[in-house]
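K.L.:
A single structure is presented below for examination.
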Amino acid sequence: MGLSALVLLAAMALPGRAASREELENFLQITGFDVALESIKLSAAGGPQMLGLEGSDFATTWTILTKDVFDVKTMQDMGIDILEGTIKEDDLKVAQGFYGSDLGKRLVETENTSHMAERDDRAENAAAELDRILNEGETDRIAELDRLNRAVDSSDNSEKAIVEIQFRFLTAARDAGVIEFKVDDEALKQSLLTQAEAMRDANKAQALANSAYTYRDFTTEELATYAKALEDPGMQRVYDLMNAVQYEIMANRFEAVAARLHGIQPAQDL
């Protein structure tokens, strides 16, 4: 993700029979990727903070704009459009095979709920669940949770991807005249990377706690089965692709919101 997610997606394009839109819609539903894409809309609330502006300054219009720009069907259609030219048919079948199993269906239901859950008390609940596991000495469970987290981001691209999203949003907002920079683009990106690196350990700890809470109703043996399935080369390619698609759509939507802010002064009640 040193380059944009879109460049990475272009590199993933593969020859061969392309999956039909019907097949891809089925894939989204079976794997829960449709809900993962829907959950992107929840990230819109962080826009004013990324701009260094209080949410109240943008309360009304910001909410209206993001509701339109982060439209669920639009984002899911974008996901299918990208997947049409990049997903490998055999890999699609690998993912559908696992997530279509009894364990896979339970996992998707749980993950869908987690994606759309209220965030207010989640961090506290997640920390409490991780503390419980640690206090009870469930080292095997910790190992499997860590294994899961590494499997869903095997190339460790999430940190750079988030920086890319922030950078594209901030520069789009600058081009729209919403904010001004005191540094050039290169210095801005380096600053974002430095901040991300400083938060790396804390973010990994939070991700482990989130996984502990999300999968609290699954046995350690079931988590091990899930981790093994995710480590399959075909599943790894699917997750690399889904991550790239999700990051690209998120960046694209934040850029679209920024463009619509052109001519609006931060002092106004957006």
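The values are calculated or read from the model by the stated rules, or taken from the named source; none is laboratory data. Note that the structure is predicted; figures quoted are calculated from it, not measured. Note that we place each Cβ from the backbone using ideal geometry, even for glycine, and neighbour counts take in every protein chain shown.
K.L.:
Going through region 105-150 one residue at a time, which ones are under 15 Å from Ala36 (Cβ atoms) and surrounded by 15 or more Cβ atoms within 10 Å (Cβ to Cβ)?
P.N.:
Leu107, Val108, Thr110, Glu111, Asn112, Ser114, His115, Ala117, listed by residue number.
K.L.:
If you don't mind, another one. Within region 222-251, track down each residue that is more than 19 Å from the chain's Cα centre (by Cα), assigned to a helix (DSSP H, G or I) and of a type in the set (Asp, Glu).
P.N.:
Glu222
K.L.:
Can I ask one more? Of all residues in region 13-40, count the ones that are modelled with pLDDT under 90 and not in a helix (DSSP H, G or I).
P.N.:
Adding up the residues that qualify gives 8.
K.L.:
Tell me which residues, restricted to region 159-178, are of a type outside the set (A, V, I, L, M, F, W, C), under 17 Å from Ser191 (Cα atoms) and touching a helix residue (DSSP H, G or I) at 6+ places or on another chain (Cβ under 8 Å).
P.N.:
Residues satisfying the conditions are Glu159, Lys160, Glu164, Gln166, Arg168, Thr171.
K.L.:
Same structure again: Given the conditions (1) more than 19 Å from Ser43 (Cα to Cα); (2) assigned to a helix (DSSP H, G or I), report the number of the one that Thr86 does not fulfil.
P.N.:
(2)
K.L.:
Examine region 124-147 for a residue that is free of Cβ contacts under 8 Å to residues at least 40 places away in the same chain and within 30 Å of Asn26 (Cα to Cα), and state whether such a residue exists.
P.N.:
No, region 124-147 contains no residue that is free of Cβ contacts under 8 Å to residues at least 40 places away in the same chain and within 30 Å of Asn26 (Cα to Cα).
K.L.:
If I filter region 127-141 down to residues being of a type outside the set (Lys, Arg) and in contact with a helix residue (DSSP H, G or I) (Cβ under 6 Å, 6 or more places away or on another chain), which single residue comes out as nearest to Ala227 (Cα to Cα)?
P.N.:
Asp140
K.L.:
Residues that are within 12 Å of Leu223 (Cα to Cα), among the aliphatic types (A, V, I, L, M), in a helix (DSSP H, G or I) and out of contact with any Phe, Trp or Tyr (no Cβ under 8 Å at 6 or more places or on another chain): does region 101-120 have at least one?
P.N.:
No, every residue in region 101-120 fails to be within 12 Å of Leu223 (Cα to Cα), among the aliphatic types (A, V, I, L, M), in a helix (DSSP H, G or I) and out of contact with any Phe, Trp or Tyr (no Cβ under 8 Å at 6 or more places or on another chain).
K.L.:
Under the condition of being more than 18 Å from Ala128 (Cα to Cα) and small (Gly, Ala, Ser), which residue from region 179-217 is surrounded by the most Cβ atoms within 10 Å (Cβ to Cβ)?
P.N.:
Out of the qualifying residues, it is Ala196.
K.L.:
Do the conditions hold for Ala161, that is, is it more than 18 Å from the chain's Cα centre (by Cα), closer than 21 Å to Ile249 by Cα and outside any loop (DSSP other than H, G, I, E, B)?
P.N.:
no
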